[in-house]
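Report on the structure given below.
The values are calculated or read from the model by the stated rules, or taken from the named source; none is laboratory data. The model shown is predicted, which means the values in this text are computed figures rather than measured ones. Cβ sites come from the backbone with ideal geometry, for glycine too, and all protein chains shown count toward neighbours.
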Amino acid sequence: MRQASFEDLGTPLHQVTFCVVDLETTGGSAADCRITEIGAVKLRGGECLGTFQTLVNPGAAIPPAITVLTGITQAMVAPAPPVEQVLPAFLEFARGTVLVGHNARFDLAFLQAALARTDRPRLANRVVDTCALARRLLADEVPNHRLGTLAERLRLPHRPTHRALDDALATGDLLHLLLERAAGLGVLGLDDLLALPTIGRHPQAAKLRLTEGLPRRPGVYLFRDRGGRVLYVGKATNLRQRVRSYFSGDSRRKVGQLLREVATIDHLECIDPLEAAVLEVRLIHRHLPRFNRRATRWARYVYVKLTLDERWPRLSVVRDAHPGDGCVYVGPLPSRRTAAQVVEAIESAVPIRRCRQRPPAAPVAAPCTPAQLGVATCPCAGTVTPDDYGRLVARVVQGLEHDPALLLAPLERRLRALAAGERFEEAAAVRDRAAALAGALRRQRRFAALHAAGRVVLDTGAAVVELDRGRLVRVTAPAAGGSAELPFGGSQPPLEPGEPGPVARELADELACVAAWLDANAHRVRLLSCDGELRSTWPALPSFEPRTAAVASKRGIGAAVARRADRRDGRRGGGDLGGRPVAAGAPQPGHA
């Protein structure tokens, strides 16, 4: 059987062909009992396209209780064909349909067991269970959800008789009634129907009507409250399916609160998932929705600055970067805590001065505490010349801009020495500082690579995307003849031409989004043109993340811890841009 495709799932229900099936068996266990009768009816658009009915020789005795219940005797099934002769005809009858059953799991278990015994592949058809649908849609109208009770209370045209075809016809009547009820919840497509048993129990299920106009296309959705304020912004490759999934029993507390407050759901269709991802970031930046966490704190991003405009440069955490002031910047970084770890990592690798006060003109009797402890080279101690100090600063600049091993290798040696001495708490602190620095440098190099590429045009197969120094400026769908200029581009600062400087905090999330997309899709896209070279020439950076975080992320255990580690590392998904070059050239091996 053919596996249902994405287009099948989005098929309107009046175009779906259903095969309602019912079985009579010798007992209740598919492992020990056998099929005695198969009945099926094929339906589409409310019309009956055909029926299938046959007795089946089970090859075993029928218990008297089953004969009393169904009326099927041993004499009736003796001349009937065995199941291996019946299955080919039934499979042809059901080919390409959505199977329907009342308590469908029971009937499917017997069918799958019969297929396994005859060395045939399992059924791959989509399945709709009218019993599960009835529990969601008719809970207050009937005392129970047995087929006989439903047929009587709802006055269905056919009544079940514990014979396969009669029961299948009654189930078909019930299906049509349930489809009418489900339409009131906005269930218009097959994917909506398959999800309804879960969605129907949600306390905010009445708001499913807000999703009726959503297309099954990539795009961005916005949840708004009664005052029109944006509560949440998200992206999706299938807008309708993604938004409706919020009603599928999501147990997160904030999702329930979000759905209680939502009054309208807007959407913007996109040509390509990259366009949706970038537009999501820009909308979050513009509206700062209350229920979003990612990309809402960009205004708090900070930089680590090496103050080369001073005689005795030092490191400091600053809110703003000023290109052209001659200083070296690392960032933007997501928090002051991360910036402080980066500063501590650099100062641990290269002993530049740590005191914040201006160095005195002459040595003092009591130098600063770091100088006294011997962890910093400070002019207040009178033991360093400007030339010697300049060499220390040059090492920091070289490590930040060209050779990160100058900064990371001392930290790695310190980490190994502490671990060997079983000083694990100190080792963990060094590891966290090294991870923060490596993450900051990794993020820095990704931005630099995007800037150096200049204007880039890529063919994704479904669309042509145009990047300008990392920013997405245009998406074109050649097949459909459509082209989209991304909105809100003018509200963010442009990237200056020439040598890359510190990236504006407003652009950091968008550039990280584009870089992550390139990492994930480099092997799928075709490079049409590039002003520069879309690859990183740096060697791969080592990873200082604890092994447990990586394992937890892969195994799905403690994923939140792993995600926090990724956020601390500044990755936000995806790997290193240099690791998956789009242009010619292979990545350099790294030290894992």
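Scanning segment 273-302 for residues that are of a type in the set (A, V, I, L, M), within 26 Å of R260 (Cβ to Cβ) and surrounded by fewer than 17 Cβ atoms within 10 Å (Cβ to Cβ) returns a single hit, L288. Inside segment 444-474, residues that are out of contact with any Asp or Glu (no Cβ under 8 Å at 6 or more places or on another chain) and either assigned to a helix (DSSP H, G or I) or of a type in the set (D, E) (or both) make up a count of 9. Within segment 24-39, the presence of a residue that is part of a helix (DSSP H, G or I), of a type outside the set (D, E) and out of contact with any Ser or Thr (no Cβ under 7 Å at 6 or more places or on another chain) is excluded. Just one residue in the set E422, E485, E466 is loosely packed, with under 14 Cβ neighbours inside 10 Å and either touching a Gly at 6+ places or on another chain (Cβ under 9 Å) or modelled with pLDDT of 85 or more (or both); that residue is E422. Report, by residue number, each residue of segment 280-316 that is under 20 Å from L268 (Cβ atoms), assigned to a helix (DSSP H, G or I) and over 18 Å from the mean Cα position of the chain (by Cα). R282, L283, H285, R286, H287, listed by residue number. Being modelled with pLDDT under 90 and part of a helix (DSSP H, G or I) is the filter here, so list the residues in segment 383-394 that pass it. Matches in segment 383-394: P386, D387, D388, Y389, G390, R391, L392, V393.
Restricting to segment 73-100, and then to whatever is part of a loop (DSSP other than H, G, I, E, B) and aliphatic (A, V, I, L, M), can you tell me which residue is nearest to T51 (Cα to Cα)? I'd like the intermediate steps shown before the answer.
If we filter segment 73-100 for residues that are part of a loop (DSSP other than H, G, I, E, B), which is where we start, we get 73, 78-81, 95-97.
Checking which are aliphatic (A, V, I, L, M) leaves us with 78, 80.
Values: A78: 23, A80: 18 Å.
Per the stated criteria, the residue is A80.
Test V255 against the criterion of being aliphatic (A, V, I, L, M) and either crowded, with 22+ Cβ neighbours inside 10 Å or touching a helix residue (DSSP H, G or I) at 6+ places or on another chain (Cβ under 7 Å) (or both), and give yes or no. Steps first, please.
Numbers: aliphatic (A, V, I, L, M): yes; either crowded, with 22+ Cβ neighbours inside 10 Å or touching a helix residue (DSSP H, G or I) at 6+ places or on another chain (Cβ under 7 Å) (or both): no.
Against the criterion (aliphatic (A, V, I, L, M) and either crowded, with 22+ Cβ neighbours inside 10 Å or touching a helix residue (DSSP H, G or I) at 6+ places or on another chain (Cβ under 7 Å) (or both)), V255 does not qualify.
Contact annotation: residue pairs with Cβ atoms under 7 Å, 6 or more positions apart or on different chains, pairing a residue in segment 226-242 that is over 20 Å from G186 (Cα atoms) with a partner that is of a type in the set (A, V, I, L, M, F, W, C) and part of a helix (DSSP H, G or I), are L231/L258; Y232/L258; V233/L283; V233/I284; K235/A276; K235/A277. Within segment 25-43, not a single residue is in contact with a His (Cβ under 8 Å, 6 or more places away or on another chain) and not aliphatic (A, V, I, L, M).
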